[in-house]
Number of protein chains: 2
Amino acid sequence: MKEKTRRPKRTASEEEESMQRTLTDVRGFRAWGAYSGVKSKRRDIALIYSEVPASAAALFTQNVVVAEPIKLSRRHIRSGRAQAFVINAGNANACTGEQGRRGAEAMADATAEALGIDREVVLVASTGIIGRTFPTENVVNGIKTCALKLSELRLAGTLAANAILTTDTFAKESFSTTRIGGKRVHMGGIAKGSGMIHPEMATMLAFIVSDVAISRELLDEALREAVDDSFNMITVDGDTSTNDMVAVMCNGLAGNEQIREKGLIYDTFRAELKSHCTELARQIVSDGEGATKLIQYDVEGAPDRNAARKIARTVSNSNLVKTAIFGRDPNWGRIVAAAGRAGIRYDPDKVDLYIGTSKTLIKLLENGQPLDVQRRKLKSLMRAAYIYVLLDLHQGEARATAWGADFSYEYVRINAEYST
Amino acid sequence: MKEKTRRPKRTASEEEESMQRTLTDVRGFRAWGAYSGVKSKRRDIALIYSEVPASAAALFTQNVVVAEPIKLSRRHIRSGRAQAFVINAGNANACTGEQGRRGAEAMADATAEALGIDREVVLVASTGIIGRTFPTENVVNGIKTCALKLSELRLAGTLAANAILTTDTFAKESFSTTRIGGKRVHMGGIAKGSGMIHPEMATMLAFIVSDVAISRELLDEALREAVDDSFNMITVDGDTSTNDMVAVMCNGLAGNEQIREKGLIYDTFRAELKSHCTELARQIVSDGEGATKLIQYDVEGAPDRNAARKIARTVSNSNLVKTAIFGRDPNWGRIVAAAGRAGIRYDPDKVDLYIGTSKTLIKLLENGQPLDVQRRKLKSLMRAAYIYVLLDLHQGEARATAWGADFSYEYVRINAEYST
């Protein structure tokens, strides 16, 4: 039970090598994060550039109300190729009409011109306040600055990671090296999180790059699967903001034979991609507004995958469960009641429930009935920063994992004061 | 636009007559609320009794995990007849297994014996903590006390209303008189609310009685319709606790010819029943944990009723909208983003949005684009205790109304401290 909660194991040398590295340590990728002046005193414009054209894939918000950069990027990604990601923070460019549409186009044009590439290989993203006039001039100037400074510093990727933040309190980054098809392959990512990573989440953005060579079709499939088990398990189906976007570029400079079909080599790549998505998703949850704890919800023994996913997400999304865990209260009643309203038919009298930490899980419920437990020990476990909840339905073989934050006073303060 | 937000008009004399009256002012109904000792220093057991057998209908939680009293009452209501409602607070009798099952049976048995009626005409409900051993002896003794004291005081209905509360801060009651089929008909109700009236709401209970004569089939249909437009519009589909229940008894003592078919007379009754359900639902929302404001969400111009309902509920249920309104921030961006993720396809570029009070609604958005508004005036309107949000989709004729509370620091405090 504990193994599955650990991150993928790496050798000591690989672990050491991956320290302090950012996405600009992936061959052929350069980045920068600059000040455009939209946010006072913070970097607010990021550029990620591949020196050669790359296979690319991207997934977008399911919201009916869609920001202008999303509309543009949806068109550009159809080719399955990209060479640059450009992202501004501070203005979401949503509900901005024709002025906003021109602003998004200007971002792509400025990026293409500064880098000497086609505008169609530029993907554009925005995050920030909705419905404010888009500050096109500032943003375009910021893009020019980024293009001039690309990778001037060792930690340019970290500057980019910082430049896409809004209410986040830290930059989210991932990096790894692995062997794929006999070649050393690098992968790096950045992400930004959002209000509580909740149904009503603010924008979630993630950008991942790799020097692996892979066909656009398989890259698209691998990304969909990875996002489904990571970013989609920190939100609820369809509950996305106007600006959500996850995008990946793979430029092939690792020199492996291009991955064109499924098999062991593809499996290694997709595991790596999923690992990055999971890592970034967890970092986002850890930085949920006002979050004091990260909670992992494992559902096992479900009749099918959909049932496991729905139950895991419904429980992880329960305000009453979140507030209980903030209060260090192992309130299994709220967990069971939340699972029961997930819209899945199951027999509650077969369910076992465990709560604890990565080291110790305590069984609270067996066959749907509460067990006598040492409340003092349990209370003390609940002080941990990473809490595990395991529901075993004993009604099948399917499983799913979701992640959530707890729910503190700070959440209300942030969201009552952060204004349009 | 303003009329639809008003309660049904009554004449001055009717208004005066309905003051200070409770459900024991409905002919043939008696009630009491007693101390069983389960909750310290608060009444925690309620009994509502009809002196003659009554037509009855009830609706129950959709949760997979169902409390023992719900299982029992589901069986008993199949006959369409009832003569008593008995409700205990402090222990939900959920996840209590065989011991709990016997406890619920004991409640029905004790009520039947004390009142000299069949156990099958007793409906049982519970609210409180889940998974604790059910205190059958206390509850049974409390029932005996209730039966002895039935309607000893003028405000016995209010004692019953108080005895079903948990984290509520005030008792919820409704009363009206109206003419149906040439006779004066009385109707009275009590309800209890719950944690934020949210997807993860704690138990919601409502009990309504009337002296009207109506067939059980039409009563059932009227109740389903009334609940759909009231209690179901303060929650999200299927998102019910283990214990939710709404029940109604009509004992026919008003002397009207029994309503057996649809028509004007039935319409008068169902409007009256819906008015009570709406009034009780609004009171529940007003007492949402930590609520400082009641918000009414009207969606108009929707392509169909389901679309209007889903959008109204999704917006009313948004944590980001709730916290914004707590912060007196007319944050239309969050409202539009929440509407967009309701799972309904619509054209966001046709939508108008208004925010304000019953007296003044200010248009913030036209055809999906923000308008210039006087922010100072708007901010000042947001100080009101009853806020109106109107979304006009301009894409059809359907409409729906949902109600919600705002979201304050107090909500987190209550739910982090109220323990299993």
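The values are calculated or read from the model by the stated rules, or taken from the named source; none is laboratory data. Just so we're clear, the structure is a prediction, and the values are computed from it rather than from any experiment. Counting neighbours? That spans all protein chains shown, and the Cβs are built from the backbone with ideal geometry, glycine included.
Counting only helices (runs of 4 or more DSSP H) wholly contained in the range B:300-388, the ones carrying 3 or more residues that are free of Cβ contacts under 8 Å to residues at least 40 places away in the same chain, within 14 Å of chain A (Cβ to nearest Cβ) and small (Gly, Ala, Ser) occupy B:332-340.
Going by what's in this entry, would B:ALA161 be described as modelled with pLDDT of 95 or more, surrounded by 22 or more Cβ atoms within 10 Å (Cβ to Cβ) and out of contact with any helix residue (DSSP H, G or I) (no Cβ under 6 Å at 6 or more places or on another chain)? Judged against the criteria, B:ALA161 is a match.
Inspect the range A:173-192 for any residue being more than 14 Å from chain B (Cβ to nearest Cβ), more than 27 Å from A:THR278 (Cα to Cα) and either surrounded by 20 or more Cβ atoms within 10 Å (Cβ to Cβ) or in contact (Cβ under 8 Å) with a residue 40 or more places away in the chain (or both) and give the result as yes or no. No: zero hits. Looking across the range A:38-67, just one residue is part of a strand (DSSP E or B) and within 14 Å of chain B (Cβ to nearest Cβ), and that is A:PHE60. Given the residues A:ASN317, A:ASN306, which is the only one that is within 24 Å of the chain's Cα centre (by Cα), farther than 24 Å from B:MET204 by Cα and assigned by TED's automatic domain parsing to the domain that holds A:SER408? Residue meeting the stated conditions: A:ASN306. In this structure, is A:GLU120 under 24 Å from the mean Cα position of the chain (by Cα) and at pLDDT 95 or above? Here the answer is no, as A:GLU120 does not meet what is asked.
The number of residues in the range B:78-99 being part of a helix (DSSP H, G or I) and out of contact with any Ser or Thr (no Cβ under 8 Å at 6 or more places or on another chain) comes to 4. Each residue in the range B:25-51 was checked for being without any contact (Cβ under 8 Å) to a residue 40 or more places away in the chain and on the phi < 0 side of the Ramachandran plot, and 1 of them qualify. In the set (1) over 27 Å from the mean Cα position of the chain (by Cα); (2) part of a loop (DSSP other than H, G, I, E, B), A:LEU148 fails one condition alone, (2). Would you call B:GLU137 touching a residue at least 12 places away in the same chain (Cβ under 8 Å), over 22 Å from the mean Cα position of the chain (by Cα) and more than 19 Å from B:LEU165 (Cα to Cα)? Criteria not met by B:GLU137. Only a single item in (1) under 28 Å from A:ASN256 (Cα atoms); (2) at pLDDT 90 or above; (3) more than 21 Å from the chain's Cα centre (by Cα) is not met by A:SER174, and it is number (3).
Condition (residue is within 14 Å of chain B (Cβ to nearest Cβ), surrounded by fewer than 21 Cβ atoms within 10 Å (Cβ to Cβ) and either among the small types (Gly, Ala, Ser) or without any contact (Cβ under 8 Å) to a residue 24 or more places away in the chain (or both)) applied to the range A:236-252: is it met by at least one residue? Yes: one or more hits. All of (1) crowded, with 24+ Cβ neighbours inside 10 Å; (2) more than 27 Å from A:GLU68 (Cβ to Cβ) hold for A:GLU261 with one exception: (1).
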